[in-house]
Amino acid sequence: MNRYFKIAATGLVAGALFVGAAWAGGGLIPVDLSGSEGQATDAVSSELTKRLAARAESLPDEAGDGGVQILELKPGEVLAGASKVSMEPRPAEYDGTWETEGCETFGDDAPGDVTHYPDFRVRWPENPNCIYMGGYGIGPMNAITKWTDPYGLWVRSVAIGDGTDTIVLTVIDGVYYFGDYVNMCDGCGFFDLAQELGGELQIDPDGFLFASTHSHTSPDFIGGWGGVPDWYMEQVADTIRQSVTEAVGAMEPGVIEMGDELARARNGERRDTYRSAEDNSLSWFRIIDATTANPQAPRAIATVGGFSAHPVTADEGPGIADGDFPGVFNSKVEERFGGIGLFFQAGFGNVSPRGNKVEMGEGLANLIPGAGEGTLISNPDVRSAQAFWDQPVTNSGLTALGVPGFFDRPFAQTPSQVAAGKNANKPCRSASSVTVNTAVSAAKVGPLWITGAPGEIFSNYSNTIEEKNPDGVTFALSLVNDGLGYIMQSFETDHGGRQALGFVAGEIGQVVEYEDAYSIDHCFGDMALETTLGLLGGL
């Protein structure tokens, strides 16, 4: 059997086993994607038409082993599949209870109810049966009481392979999600899931890039704002597994086109004490079914966008679970092109949106040109790499919250040190007795580059990576495989803000920076960036 058939068969078998087990136990609900047909909105370019027409003429008539048709990859093609699975809570299927009243402990609506007690998973005095939003203030303040947003909250995945190597991009509608957990779950961190799914699906764990949309009206999966119940963590971990497994199981021949669109009207920098760089580029790529019978109406397998802007257009007050503008973007590209839409955050740590949810989501989606108007990838060689290191934590406020477990992330009380920077003779140096172990990732699909950092990178960070690939398209992504706050380079650091003063910056005349209150160390950005550039150079 050729490589394509073996990968597809492996994914399908694993998918059948996983979904069957889930239906028997957890009751996961599959999403019917049969209606996601391509929609030709513009004339398809002759180059794409010729490639699809040539492929259509070469489709084999005979079946392979077991009656399954074997399709050889043609030059310029990849194997690709996509999936989305709903995150809507199903407590009954996980023997849980979801409470939507009397949840707030902090903030103006805090009832002081006796149902609130220290939850030894996350340490906050809270109701452990409530699902809390993340991103506004700190502690249990804003509970999700309704799941009525028309766009829904999802786990979305796309798998891309060249017949030898495979990468999987997954994005979850959550404000954060950790690579490792202490108490909120066992073995459900992004690093754990990469190892588990890599073994099951025969994919190198380095090839998994799990990300969060960072919508502030989506669930808090780190315990910083109250967290979520045990049963919901279990459900979401199962949903991630299902989305990845379905995407791999659906892999079929496809071609990739890509591009960058200027979207200056859709974001703006937000630092208080100095003017910072922005990343105004909307990066995108679209995978098109290469075996379509109608080259003039190609079907998109997936459309992926990356842009820099905080998803804070929705108000937390009503308690409605909301994916913010990434959800609108995904819905719009699915409507235009078919298939699955996936939106990822790029260098958005210092960047705010310009426009409401619909203006942002539809405005960005409408910038993506029609089928055939992007740059076709002719050499989609797939490669990936990942690097771990011990990062010192010198932020006194985050240490005070992380070590006792108010953020459910391992903060090891062991010494570490780093020295990193562009100039080896003048590196950024840091050392601490408190450490986190984390990682960065990098992948290439020919001239399409994708990198992942374990927090909210600043635009100067993403711009630096993008300039290394002048003839291609680069996704320099945030919140990949971990969620360790803001990541800026040392020259952008406000040391006062990092020592807890940033928590109250707005009340003391904005003389220190808010973002630094959530930055674990002044050398974190230097170390993450230099390690990422090293990975890219080795691919």
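Against the criterion of being among the small types (G, A, S), over 30 Å from Y514 (Cα atoms) and surrounded by 24 or more Cβ atoms within 10 Å (Cβ to Cβ), G341 qualifies. Is there a residue being buried (at least 20 other Cβ atoms within 10 Å of the Cβ) and under 21 Å from F343 (Cα atoms) anywhere in segment 499-512? So far as segment 499-512 goes, no, none of its residues is buried (at least 20 other Cβ atoms within 10 Å of the Cβ) and under 21 Å from F343 (Cα atoms). Filtered by the rule that a residue be among the hydrophobic types (A, V, I, L, M, F, W, C) and crowded, with 18+ Cβ neighbours inside 10 Å, segment 368-391 gives I368, A371, I377, V382, A385. Is there a residue being basic (K, R) and touching a Gly at 6+ places or on another chain (Cβ under 8 Å) anywhere in segment 440-455? Among the residues of segment 440-455, not one is basic (K, R) and touching a Gly at 6+ places or on another chain (Cβ under 8 Å), which makes the answer no.
Going residue by residue through segment 486-508, is there one that turns out to be in a strand (DSSP E or B), under 24 Å from A385 (Cα atoms) and touching a strand residue (DSSP E or B) at 6+ places or on another chain (Cβ under 7 Å)? Yes, segment 486-508 contains a residue that is in a strand (DSSP E or B), under 24 Å from A385 (Cα atoms) and touching a strand residue (DSSP E or B) at 6+ places or on another chain (Cβ under 7 Å). Within segment 381-397, residues that are under 30 Å from P447 (Cα atoms) and in a loop (DSSP other than H, G, I, E, B) reach partners that are modelled with pLDDT of 95 or more and charged (D, E, K, R) with beta carbons closer than 9 Å, at six or more positions or on different chains, in the pairs D381/D162; D381/D165; D381/K444.
The test for being of a type outside the set (F, W, Y), in contact (Cβ under 8 Å) with a residue 24 or more places away in the chain, crowded, with 20+ Cβ neighbours inside 10 Å and assigned to a loop (DSSP other than H, G, I, E, B) does not hold for E246. Taking segment 254-279 as the range and being in contact with a Leu (Cβ under 8 Å, 6 or more places away or on another chain) and either hydrophobic (A, V, I, L, M, F, W, C) or surrounded by fewer than 20 Cβ atoms within 10 Å (Cβ to Cβ) (or both) as the test, the residues that pass are V255, I256, M258, D260, E261, L262, A263. In segment 390-424, of all residues being hydroxyl-bearing (S, T, Y) and over 30 Å from D230 (Cβ atoms), the one that is modelled with the lowest pLDDT corresponds to S396.
Could you tell me whether any residue of segment 380-394 is among the aliphatic types (A, V, I, L, M) and within 16 Å of G534 (Cβ to Cβ)? The answer is yes, given that some residue of segment 380-394 is among the aliphatic types (A, V, I, L, M) and within 16 Å of G534 (Cβ to Cβ). From the list V44, V78, V31, the one residue that fits, being closer than 30 Å to Y132 by Cα, of a type outside the set (G, A, S) and either surrounded by 14 or more Cβ atoms within 10 Å (Cβ to Cβ) or modelled with pLDDT of 50 or more (or both), is V31.
The values are calculated or read from the model by the stated rules, or taken from the named source; none is laboratory data. None of these values were measured; they are calculated from a predicted model. Glycine also receives a Cβ, built like all others from the backbone with ideal geometry; neighbour counts cover every protein chain displayed.
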